[in-house]
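What follows is a set of notes on a single structure, which appears directly below.
The values are calculated or read from the model by the stated rules, or taken from the named source; none is laboratory data. These figures come from a predicted structure and were not determined experimentally. Note that we place each Cβ from the backbone using ideal geometry, even for glycine, and neighbour counts take in every protein chain shown.
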Amino acid sequence: MRTRKIGENFALATPHYKFLQHTTDAYIQSTGATFEEALENAGLALFDTMCNLESISHKQVDNVEADGADEVGLLYDWLDTLLLKFELDGQAYSKFHVEPLETGSGALHINAKAYGETYDRLKHGSKVEVKAVTYHRMEVVRGKNLATLRFILDL
């Protein structure tokens, strides 16, 4: 991962995600060497859809948890939880650290740290409103040393 210097407060790593072609919504593919890293990049893509990542300082660290019956369900809960933190708590994030995946009782669970600050429209901008995370075309593909996640955000 390359790193870009952003201001004097912090550096933002060049994320491993891209916006795929879709007529009306945001169709996104995120990748990582691990499933957890791909989840981190999916979180970055979500916030990059809504605001200017480079303007978000790491003034606070929040704990974020997500659960799912399978990896697709976990991806959905991860993104939905982050979207709710933005909409209900007014938080904007530009860095994530997802702990190794936990399995137990047939369910998957992650604990993560989200680095950011309170959202300020003037400072962070306002790109597009994300209405919801959808299960439509959501997928997790694992290969050797590569996890690929694809998902659609309803705009």
Legend entry - Residue within segment 101-112 that is under 15 Å from the mean Cα position of the chain (by Cα) and exposed (fewer than 13 other Cβ atoms within 10 Å of the Cβ) present: no
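Here are Gly73, Gly68: which of them is within 13 Å of Asn111 (Cα to Cα) and of a type outside the set (A, V, I, L, M)? Write out each step before concluding.
On the way: Gly73 fails: within 13 Å of Asn111 (Cα to Cα).
Of the residues listed, the single one that is within 13 Å of Asn111 (Cα to Cα) and of a type outside the set (A, V, I, L, M) is Gly68.
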Legend entry - segment 1-59: number of residues that are at pLDDT 90 or above and among the β-branched types (Val, Ile, Thr): 5
Inset, instruction - Report, by residue number, each residue of segment 134-151 that is under 18 Å from Ala69 (Cα atoms) and among the hydroxyl-bearing types (Ser, Thr, Tyr). - result: Thr134, Tyr135
Inset, instruction - May I ask you to verify whether Val64 is touching a residue at least 24 places away in the same chain (Cβ under 8 Å), within 17 Å of Asn41 (Cα to Cα) and part of a strand (DSSP E or B)? - result: yes
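Which members of segment 89-100 meet the condition of being more than 12 Å from the chain's Cα centre (by Cα) and either buried (at least 16 other Cβ atoms within 10 Å of the Cβ) or over 19 Å from Lys59 (Cα atoms) (or both)? Break it down into steps so the answer makes sense when it comes.
Narrowing segment 89-100 to residues more than 12 Å from the chain's Cα centre (by Cα): 89-91, 99-100.
Of everything in segment 89-100, those that are more than 12 Å from the chain's Cα centre (by Cα) and either buried (at least 16 other Cβ atoms within 10 Å of the Cβ) or over 19 Å from Lys59 (Cα atoms) (or both) turn out to be Gln91, Glu99, Pro100.
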Legend entry - Answer residue from segment 113-148, given it is touching a Gly at 6+ places or on another chain (Cβ under 8 Å) and surrounded by 14 or more Cβ atoms within 10 Å (Cβ to Cβ) and is nearest to Thr23 (Cα to Cα) among those: Ala147
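Quick check on segment 116-144: of everything there that is of a type in the set (S, T, N, Q) and assigned to a strand (DSSP E or B), which residue is farthest from Ser55 (Cα to Cα)? Give the steps one after another, and end with the answer.
Going residue by residue through segment 116-144, those that are of a type in the set (S, T, N, Q) are 118, 126, 134.
Now restrict to residues that are assigned to a strand (DSSP E or B): 118, 134.
Details: Thr118: 12, Thr134: 27 Å.
Applying the filter and picking the extreme gives Thr134.
Say we look at segment 32-73 and pick out the residues that are polar (S, T, N, Q) and surrounded by 15 or more Cβ atoms within 10 Å (Cβ to Cβ); which of these is nearest to Phe96 (Cα to Cα)? Before the answer, list the steps.
Filtering segment 32-73 for residues polar (S, T, N, Q) gives 34, 41, 49, 52, 55, 57, 60, 63.
Those still in the list that are surrounded by 15 or more Cβ atoms within 10 Å (Cβ to Cβ) too: 34, 41, 49, 52, 55, 57.
Numbers: Thr34: 14, Asn41: 8, Thr49: 16, Asn52: 16, Ser55: 16, Ser57: 13 Å.
Applying the filter and picking the extreme gives Asn41.
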Inset, instruction - Count, please, the residues in segment 86-140 that happen to be within 18 Å of Asn41 (Cα to Cα) and of a type in the set (Val, Ile, Thr). - result: 6
